[in-house]
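Contents: one structure, followed by commentary.
The values are calculated or read from the model by the stated rules, or taken from the named source; none is laboratory data. Just so we're clear, the structure is a prediction, and the values are computed from it rather than from any experiment. Reconstructed Cβ throughout: ideal geometry from the backbone, glycine too, with neighbour counts over all protein chains shown.
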Amino acid sequence: MKARSKRLMLVGGGVALLAAAVALVLSAFQQNLVFFHTPTEVMEGKAPTGKTFRIGGLVEDGSIQREADGLTVRFAITDTAKVIPVSYRGTLPDLFKEGKGAVVQGTLGPDGQFRATEVLAKHDENYMPPEAAHALEQAHKAGMTVSQ
Amino acid sequence: MNSSQRGFRIFRFAAPQVFYPLAGRLAPWFAAAAVALTLVGLWLGFVVAPTDATQGEVYRVIFIHVPAAWMSMFIYLVMAFWSAVGLVMNTRLSFVMSQALAPTGAIFCFVALWTGALWGKPTWGAYWVWDARLTSQLLLLFLYFGFIALTRAIEDPRRADRAGAIIALVGAVNVPIIYFSVKWWNTLHQGASVSLTKAPSMATTMLAGMLVMAFAAWAYTLAVTLWRVRPMILERERHTEWVGEVLEREGGRK
């Protein structure tokens, strides 16, 4: 029984130490583990603006404009606090819509315009049939407060 | 087993000669349950559940993807648990259990990654991105491969057991990282739709299909693991009297 409790302490202690070490490493690399930065972080200068990076947020309602060449798209990405204008040339994923989540990869120009080389749609965790979505939309339009 | 355990009846099943026939009797029931649950789950998922408002039909990947991903994480935790029990209690059956679980965990892990990629292309616009959720899940697959390779590569079963147990315990730290990655960091992967802390954010029939498929994955895992563990027990105990009797009996049946 003595030896067994000792082994239990060793195994338990080993896993606890390891977990603590991993937690420290992860918190040290916090900045490198995020897949994208929010527009607010970009405005505050917290994003690596010198090189290619990603911004994530919602595509602002009414901001999508297509250029005459049919390929270039301009839109704005927002976290509801700050807005960043984006230009992108290429095909967009099916789920790319105004008011929905998106992640754009590219560089920030000196004019504050973000030139995207890749646009990804970000889906949320809500799954519902079209009728339910329609009902939610109607309720929203009617000015009711609907918790998302 | 030492004398202090004689009072606990549950430990009786830790004895290989008791567990071997029990596993053989239980496995077919779990296999039958797996088939029945899979049929019901697929029917709920692909016939009853409605189309998703934003994703359309492609969302139906969740009926495979989510149960597979859950199972891949859970099996690794169970392997770590058996490994810890084996190291602490010196029970050899525990190591055999964790090694019998590993291939199934690896398969579920691969299925989760693969179906996720197929879903990612039409939904996100990319098969693969290096976000925290996807990267940690890929690490889980490599941990499974590492565990399987290491335990098979070492000839001496006692050393193989110990080496595997250490990978299982060290790698277990990755599981909460996978699970909470979507919470701790910005990821492209969406957050959890089903969790213990809030109401599920999906339609009821969709949820039902997903849960039934999750139970099917449980039953499948139990069935194949029990079947896999039996020859492993025989091989390890081949020098004992009871294995000789079993082989004689089963050989005579042919």
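Reported count of residues in the stretch B:157-192, each being assigned to a loop (DSSP other than H, G, I, E, B) and either more than 8 Å from chain A (Cβ to nearest Cβ) or more than 23 Å from A:Leu18 (Cβ to Cβ) (or both), is 7. Please pick out the residue among B:Thr240, B:Thr221, B:Thr204, B:Thr197 that is of a type outside the set (A, V, I, L, M) and touching a Leu at 6+ places or on another chain (Cβ under 8 Å). After applying the criteria, what remains is B:Thr221. The set of residues in the stretch B:193-244 being away from chain A (no Cβ under 14 Å) and either in a loop (DSSP other than H, G, I, E, B) or in contact with a strand residue (DSSP E or B) (Cβ under 9 Å, 6 or more places away or on another chain) (or both) consists of B:Leu196, B:Glu237, B:Arg238, B:His239, B:Thr240.
Checking the structure you have, find out if any residue of the stretch B:34-41 is within 14 Å of another protein chain (Cβ to nearest Cβ), of a type in the set (Gly, Ala, Ser) and within 16 Å of the chain's Cα centre (by Cα). No, the stretch B:34-41 contains no residue that is within 14 Å of another protein chain (Cβ to nearest Cβ), of a type in the set (Gly, Ala, Ser) and within 16 Å of the chain's Cα centre (by Cα).
Only residues that are of a type outside the set (Lys, Arg), in contact with a Ser or Thr (Cβ under 9 Å, 6 or more places away or on another chain) and farther than 22 Å from A:Glu41 by Cβ were counted in the stretch A:66-96, giving 8. Pairs meeting the criteria (first residue in the stretch B:169-181 and over 20 Å from B:Val88 (Cβ atoms), second residue charged (D, E, K, R) and assigned to a helix (DSSP H, G or I), beta carbons under 7 Å, at least 6 apart or on different chains) are B:Ile178/B:Arg133; B:Ser181/B:Arg133.
Please find, among B:Pro122, B:Pro50, B:Pro103, the residue that is surrounded by fewer than 19 Cβ atoms within 10 Å (Cβ to Cβ), assigned to a helix (DSSP H, G or I) and within 12 Å of chain A (Cβ to nearest Cβ).
Values: B:Pro50 fails: assigned to a helix (DSSP H, G or I); B:Pro103 fails: within 12 Å of chain A (Cβ to nearest Cβ).
Going through B:Pro122, B:Pro50, B:Pro103 in turn, the sole match is B:Pro122.
Condition check for A:Val83 on (1) touching a helix residue (DSSP H, G or I) at 6+ places or on another chain (Cβ under 8 Å); (2) of a type in the set (A, V, I, L, M, F, W, C); (3) touching a residue at least 60 places away in the same chain (Cβ under 8 Å): one failure, at (3).
Matching residues to (1) modelled with pLDDT of 90 or more; (2) in contact with a strand residue (DSSP E or B) (Cβ under 8 Å, 6 or more places away or on another chain):
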position: A:Val22; (1), (2): no, no
position: A:Phe36; (1), (2): no, yes
position: A:Ser87; (1), (2): yes, yes
position: A:Gly90; (1), (2): no, yes
position: A:Gly99; (1), (2): no, yes
position: A:Pro110; (1), (2): no, no
position: A:His123; (1), (2): no, yes
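Taking the criterion of being surrounded by 12 or more Cβ atoms within 10 Å (Cβ to Cβ), free of Cβ contacts under 8 Å to residues at least 24 places away in the same chain and either at the interface with chain B (Cβ under 9 Å from one of its Cβ atoms) or not in a helix (DSSP H, G or I) (or both), the residues of the stretch A:24-46 that qualify are A:Leu26, A:Leu33, A:Val34, A:His37, A:Lys46.
Residues being in contact (Cβ under 8 Å) with a residue 40 or more places away in the chain, part of a helix (DSSP H, G or I) and over 30 Å from A:Gly14 (Cα atoms) are represented in the stretch B:67-86 by at least one member. If you filter the stretch B:109-119 down to residues that are closer than 17 Å to B:Leu143 by Cα and aliphatic (A, V, I, L, M), you find that the one that is surrounded by the most Cβ atoms within 10 Å (Cβ to Cβ) is B:Ala112.
What are the residues in the stretch B:221-233 that are more than 13 Å from B:Arg92 (Cβ to Cβ) and of a type outside the set (D, E, K, R), if any?
Looking only at the stretch B:221-233, we keep the residues that are more than 13 Å from B:Arg92 (Cβ to Cβ), and these are B:221-228, B:230-231.
Across the stretch B:221-233, the qualifying residues are B:Thr221, B:Leu222, B:Ala223, B:Val224, B:Thr225, B:Leu226, B:Trp227, B:Pro231.
Restricting the stretch B:87-100 to residues that are more than 22 Å from the chain's Cα centre (by Cα) and assigned to a helix (DSSP H, G or I), the residue that is modelled with the lowest pLDDT is B:Met89. Here the condition is being under 17 Å from A:Val104 (Cβ atoms) and small (Gly, Ala, Ser); of A:Gly45, A:Gly57, it holds for A:Gly57 alone. Scanning the stretch A:56-71 for residues that are within 14 Å of another protein chain (Cβ to nearest Cβ) and either among the β-branched types (Val, Ile, Thr) or under 14 Å from A:Ala116 (Cβ atoms) (or both) yields a total of 3.
Do you know which of the residues in the stretch A:91-113 that are in contact with an Asp or Glu (Cβ under 8 Å, 6 or more places away or on another chain) and of a type in the set (Gly, Ala, Ser) is nearest to A:Glu60 (Cα to Cα)? Ranking the qualifying residues of the stretch A:91-113, first place goes to A:Gly99.
Given the condition facing another protein chain (nearest Cβ under 7 Å) and in contact (Cβ under 8 Å) with a residue 12 or more places away in the chain, answer yes or no: does some residue in the stretch B:148-156 qualify? Looking for residues that are facing another protein chain (nearest Cβ under 7 Å) and in contact (Cβ under 8 Å) with a residue 12 or more places away in the chain, one finds none in the stretch B:148-156, hence no.
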